[in-house]
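Here you go, one structure.
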Amino acid sequence: MASPLPNHAPLPATGSASILVVDDDALLRDMMHATLADEGYRVTEAEDGVAACECCDAALPNLIMADARMPRMDGFSMCRELRRPATAHVPILIVTGLNDRSSIAAAYEAGATDFITKPFDWLILTHRIRYMLRTAEMVEVLRSSEAWLRTARDAAEAADRAKSEFLGNMSHELRTPLNAVIGFARLMRDGLHGPLDPRYQDFAKIIADNGAHLLELIDDILAMTRASLNGLELVVREVHIGDIVSSSLDMVRLPAAEAGVSCTSRIDPALDTVHADPARLRQVLVNLLSNAIKFTDPQGAVSLTVARESDGGFAVHVADTGIGIAAEQIPLALEPFGQVEQGLARRRAGIGLGLPLAQRLVELHGGTMAIASEPGRGTNVTARFPPMRR
């Protein structure tokens, strides 16, 4: 679990703040030292850029005031040297008699935080220092918060990967024994090794049917896990959209009939073939249709429309006359294992993977999916697929 957001200790504008004064003029250094000390700052001195770097290695100041022209290492070279990782965020104020535009530009390009020319007004200088210290404090707070958020994000992503890998491994391990259960139940149901008592034959049918349903759920979990871990590769090719729509409707025809829901489809006459992974596109259509049927009451209707988009892609629209969903609950419906109906009072079966898996498969194609719904007014889901990527 990520640690709580760190409480960054505020840096006082005076008192404990330390300032390094860098100038080859000893008299000016002494004057700056005395004035800044009167303001409550802790002051150290260096006669040039080399000495300033050595001072920073020994103890990092909160702010550096430096002349531009100095022997051994001038202020510009010192700025460049101090922009290494350990001192990159220390504010540097260049205080110099140079006031031409090229010198000012050179200071900022070298890494100076601000620039003030001599002779300067001490009141303006002290206010400039306070401003730079407050700004540095805020930057440090942001850096600390950013680091904490990065750590928290990494921890959350690691936990999500671990969860997905666990679900994937468990689902894979469950498939083998479950296939055996389904296979033997069907053998008994069909009486391949001799007739059974009709009651036991019904029991075998129930076992086989429920096992097949559980296997479908496990396959959905595996597909969602692979999609979440980017382990699902698409095999995109040109496919006849009519064949995909026809086979998808065939797969939901029985549950639709059992629910008393009519299903219709319409394909844009100008749309013959599309570029997509046929198996995954069929899974998107089946998931959207199954979800619409599940949340539509008897005598209701579900329609599937496929149309060409203006950009050369295509869109899949699934509309139903079902119970609908409130706008604020749509994000929950798109979360893996998200359930709008909660608890034991849920009237509709499912583990909440139909819509999230469909959305993920659409996104893997480079497309988008949107839901428009209103309680009691039905739901419209639109999945948009881009044109073929060259």
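The values are calculated or read from the model by the stated rules, or taken from the named source; none is laboratory data. This structure is a prediction, so every number in the text was calculated from the model and none was measured. Note that we place each Cβ from the backbone using ideal geometry, even for glycine, and neighbour counts take in every protein chain shown. Ligands, DNA and RNA are stripped out before the accessible areas are found, and what is left, the full protein with its side chains, is counted by its heavy atoms. Shrake-Rupley method; radii C 1.70, N 1.55, O 1.52, S 1.80 Å.
For the range 352-388, give me the residue count where each residue is out of contact with any strand residue (DSSP E or B) (no Cβ under 7 Å at 6 or more places or on another chain) and free of Cβ contacts under 8 Å to residues at least 40 places away in the same chain. Don't jump to the end; show me each part of the working.
In the first step, residues of the range 352-388 are kept if they are out of contact with any strand residue (DSSP E or B) (no Cβ under 7 Å at 6 or more places or on another chain); the result is 352-357, 360-361, 363-364, 366, 374-377, 386-387.
After this cut, where a residue has to be free of Cβ contacts under 8 Å to residues at least 40 places away in the same chain as well, the list is 352, 363, 366.
Result for the range 352-388: 3.
Would you be able to tell me the number of residues in the range 89-143 that are outside any helix (DSSP H, G or I) and of a type in the set (Asp, Glu)?
Filtering the range 89-143 down to residues outside any helix (DSSP H, G or I) leaves 89-100, 111-121.
From what's left, of a type in the set (Asp, Glu): 100, 114, 121.
Adding up the residues that qualify gives 3.
Say we look at the range 100-159 and pick out the residues that are over 29 Å from the mean Cα position of the chain (by Cα) and of a type in the set (Phe, Trp, Tyr); which of these is nearest to Leu36 (Cα to Cα)?
Looking at residues that are over 29 Å from the mean Cα position of the chain (by Cα) and of a type in the set (Phe, Trp, Tyr), I get Trp122.
Ok, one more. Among the listed residues Arg29, Arg72, identify the single one that is of a type in the set (D, E, K, R), open to solvent by 10 Å² or more (accessible area, probe 1.4 Å) and at positive phi. I'd like the intermediate steps shown before the answer.
Details: Arg29 fails: at positive phi.
Residue meeting the stated conditions: Arg72.
Tally up the residues in the range 58-75 that are in contact with a helix residue (DSSP H, G or I) (Cβ under 8 Å, 6 or more places away or on another chain) and more than 20 Å from Leu125 (Cα to Cα), please.
5
Let me ask something else about it. When you scan the range 290-301, do you find a residue that is small (Gly, Ala, Ser), open to solvent by 60 Å² or more (accessible area, probe 1.4 Å) and farther than 18 Å from Met369 by Cβ, even just one?
First pass over the range 290-301, keeping only residues small (Gly, Ala, Ser): 290, 292, 300-301.
With the extra rule that they be open to solvent by 60 Å² or more (accessible area, probe 1.4 Å), the set shrinks to none.
No, because not a single residue in the range 290-301 is small (Gly, Ala, Ser), open to solvent by 60 Å² or more (accessible area, probe 1.4 Å) and farther than 18 Å from Met369 by Cβ.
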